[in-house]
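The values are calculated or read from the model by the stated rules, or taken from the named source; none is laboratory data. Quantities reported herein were computed from a predicted structural model and do not represent experimental measurements. Ideal geometry is used to build each Cβ from the backbone, glycine not excepted, and the neighbour counts take in all protein chains shown. These area figures cover heavy atoms from the full protein model, side chains too; ligands, DNA and RNA do not enter into them. Shrake-Rupley method; radii C 1.70, N 1.55, O 1.52, S 1.80 Å.
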Amino acid sequence: MIKPDAVAGGHSGAILKQIEEAGFEIVALKLTHLSDAQASQFYAIHAERPFFKTLVEFMSSGKIIAAVLKKTNAVADFRTLIGNTNPEKADAGTVRKLYAKSIEFNAIHGSDSDENAMIEAGFFFSNFERFN
Ligand code: GDP
C-alpha cells in the first residue's frame, strides 16, 4: 500500500515504477480513501500501541494505493525494497529512504508474511485470486 503522504506528495508513479523494475508483477491495483473504521481494522494488530490513534488518523487522511504483487520470495524481497520502518535507518535507494518523512509518515506498507499478505489482499480485493 502506498500511504497518504506518498500519494499526496505525487510519488505514486515513481514508486510503482520502482516496484515493477524490482521484478514484481502488479496483479491488482486500486486508488481509494480509507475510512477511520477501515484504517482501524487494517491496523487492528497495533490497537494497543501508543501510536495507534495517530496512525489511524494518518492512514485515513488521504488517498492510498493498494496493490497485490506477485514474485518469488515476494514478502522478504518487498521489505528489502521498501527499507526499514524508520527512514533514518533505511538503506539508500529504498522507497522509504527516498520518500518517507518519519517513522510514522513512511510512504509505504508491505505485508510481513505470506499469511498476512493473503488477509490484506482480501481486505482490498474481494476476488483477487482470480487476477493471478
Ligand atoms: P512496518 O511493517 O515496517 O510498516 O512497521 P510496523 O508494522 O511495526 O508498524 C506499522 C506502521 O505503524 C508503520 O509503518 C508506521 O507507519 C507506524 N509506526 C510504527 N512504529 C511507530 C512508532 O514508533 N511511532 C509512530 N508514530 N508510528 C509508528
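A few points about this structure:
- Remark: the ASP36-ARG49 segment gains 3.0 nm on full extension, using 0.36 nm per residue and subtracting the alpha carbon distance.
- Taking every protein chain into account, the accessible area of the chain amounts to 56 square angstrom per residue (probe 1.4 Å).
- Solvent-accessible area, 1.4 Å probe, carbon plus sulfur percent, for the chain: 52
- Inter-centroid distance (Cα atoms) of segment 89-132 relative to segment 1-36, Å: 9
- Sparsely packed loop sites in segment 21-55 (the GluC sites (Glu not before Pro) outside DSSP H, G, I, E and B with at most 12 other Cβ atoms within 10 Å) comprise GLU48.
- Value of [θ]222 nm, deg cm²/dmol, for the chain, DSSP H segments ≥ 4, -39500 (n - 2.57) each, nearest 500: -11000 deg cm²/dmol
- Set of segment 62-79 residues, backbone N closer than 11 Å to the point 7 Å along the Cα-Cβ line of LEU16: 65-67
- Volume in Å³ per residue [convex hull over Cα atoms, computed for the chain]: 101
- Karplus-derived 3J(HN,Hα), 6.51/-1.76/1.60, for each residue of segment 14-22, Hz, glycine and proline x: 5, 5, 5, 5, 4, 5, 5, 5, 7
- With a simple spin-label model that places each label point 7 Å from the Cα along the Cα-to-Cβ direction, the separation between SER126 and ALA76 comes to 3.6 nm.
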